[in-house]
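Notes follow once the structure below has been shown.
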Amino acid sequence: MGADDKKATKRTAKASEGFTEEERAAMRAYIREKKGRGKTDGEQEVLESIAAMPEPDRSLAERLHALIKANAPDLAPRTWYGMPAYAKDGQVVCFFQNAQKFKTRYATLGFSDKANLDDGTMWPVAYALKELTPVEEAKIVALIRQALS
């Protein structure tokens, strides 16, 4: 290894020090998704992503997937940074981030800027999920419908 190679390795190591292993894994998943987009079945990718999750995240993701499919058939399942996501016209509208992905204390239902959730000059675009009861499910269905309005 020459001097230039050692310098390049040091620069690469320094650049990646700012990201956790989980963040680097998400970036690798995103690159794989971009390369394979259109070649694979988005529904199958989402189901595989959900199946790989530990409990209780898996149960949350399965229920959320069923809610979205039943109430927003216009949304196409796909993965986004390795997470289950749902897109309209190729653009992600909402996604599920399991708690274990980035070692957080709760899972998240997030919405992109493509979601029509605007309410004045400030509104929430992510929701913490610890459990899905009928009350939360009704709120999620209403959010999904508003996002697509």
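A few comments on the model shown:
- Cβ-derived FRET efficiency at R0 30 Å, R58 paired with I31, nearest 0.05: 0.75
- For the stretch 47-149: relative contact order, % (alpha-carbon pairs under 8 angstrom, 6 or more apart): 22
- Y81, Y106 arranged by Cβ crowding within 10 Å, fewest neighbours leading: Y106, Y81
- Links that overshoot a 20 Å alpha carbon limit, given the list K88/K114; K69/K139; K101/K139; K103/K139: K101/K139; K103/K139
- W80, W123 arranged by Cβ crowding within 10 Å, fewest neighbours leading: W123, W80
- The simple spin-label model puts a point 7 Å past each Cα toward its Cβ; for Y106 and V141 those points are separated by 2.2 nm.
Values in this text are rule-based calculations from the coordinates and carry no lab data. No experiment lies behind these values; they were computed from the predicted model shown. So basically every Cβ, Gly included, is an ideal-geometry build from the backbone, and we count neighbours across all protein chains shown.
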